[in-house]
Amino acid sequence: MRARERGRTPRTEPVTTGTGRTRLDQPRTTRPGLITLPTYDPEAFGKLSERIARFLGTGRFIVWMTIVVVVWVGWNTLLPDEVHFDDYPFIFLTLVLSLQASYAAPLILLAQNRQDDRDRVNMEQDRARSDRNIADTEYLTREVAALRQGLGEVATRDFLRSELQSLLKEIDERRDASEVL
């Protein structure tokens with residue numbers, strides 16, 4: 001019996017609708033009887049990591065870290081032995097700095113990956129916008145060329161003016177010729 005159960009897909013809790021009815025067309029989201037892991041919002045975690053990475057890249061962080069290290073070393077070397085909590089090789093300080101570095105590196109990488117994703121989306125949008133601009137420019141170029149060809153067949157104002165002036169001259173000549181007779 002157990003051999004058959006191992007081959008099955010895990011059963012999860014069915015999804016319910018707003019009316020409290022169970023939806024049978026969707027798998028259950030949790031497995032009954034097992035420990036559920038805590039969930040987190042990846043977007044909120046990403047924003048937090050970006051804020052931390054932004055702070056780690058500032059001069060303010062370097063100044064604060066320098067102050068902490070100087071105070072730590074000064075406390076453990078200049079004050080009496082009774083108040084020392086980390087003697088000369090400063091092993092605890094090394095542990096704290098290693099812990100800070102071990103968290104800082106992945107947070108910085110996460111922030112960089114999120115920035116790369118945003119840059120990729122922006123580049124795709126820019127590329128699409130550029131393609132639309134090129135298509136619009138080509139369309140307008142074709143339209144202007146068609147208008148130029150059409151204008152070649154249309155009478156311009158100067159052409160009409162010259163034709164009217166030649167007609168007026170012809171009328172004047174006929175009038176003068178009829179008066180002479």
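The values are calculated or read from the model by the stated rules, or taken from the named source; none is laboratory data. It should be emphasised that the depicted structure is a prediction, and the values quoted were computed from it without experimental measurement. A quick note on method: Cβ atoms are made from the backbone with ideal geometry, for glycine too, and the neighbour counts reach across all protein chains shown. Accessible surface areas use protein heavy atoms only, side chains included; no ligands, DNA or RNA. Shrake-Rupley method; radii C 1.70, N 1.55, O 1.52, S 1.80 Å.
Does the range 105-112 contain any residue that is within 21 Å of residue 44 (Cβ to Cβ) and over 23 Å from the mean Cα position of the chain (by Cα)? No, because not a single residue in the range 105-112 is within 21 Å of residue 44 (Cβ to Cβ) and over 23 Å from the mean Cα position of the chain (by Cα). I'd like to check something: does the range 61-69 contain any residue that is β-branched (Val, Ile, Thr), out of contact with any helix residue (DSSP H, G or I) (no Cβ under 8 Å at 6 or more places or on another chain) and modelled with pLDDT under 90? No, the conditions are met nowhere in the range 61-69.
So that you can scan it fast, the table gives a plain yes or no per residue for (1) open to solvent by less than 70 Å² (accessible area, probe 1.4 Å); (2) closer than 30 Å to residue 117 by Cβ:
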{"residue": "36", "(1), (2)": "no, yes"}
{"residue": "49", "(1), (2)": "yes, yes"}
{"residue": "56", "(1), (2)": "yes, yes"}
{"residue": "61", "(1), (2)": "yes, yes"}
{"residue": "69", "(1), (2)": "yes, no"}
{"residue": "86", "(1), (2)": "yes, no"}
{"residue": "91", "(1), (2)": "no, no"}
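Within the range 164-181, the set of residues being open to solvent by less than 100 Å² (accessible area, probe 1.4 Å) and either in contact with a Gly (Cβ under 6 Å, 6 or more places away or on another chain) or modelled with pLDDT of 90 or more (or both) comprises 166, 167, 170, 171, 172. The number of residues in the range 98-142 that are in contact (Cβ under 8 Å) with a residue 24 or more places away in the chain and among the basic types (Lys, Arg) comes to 1.
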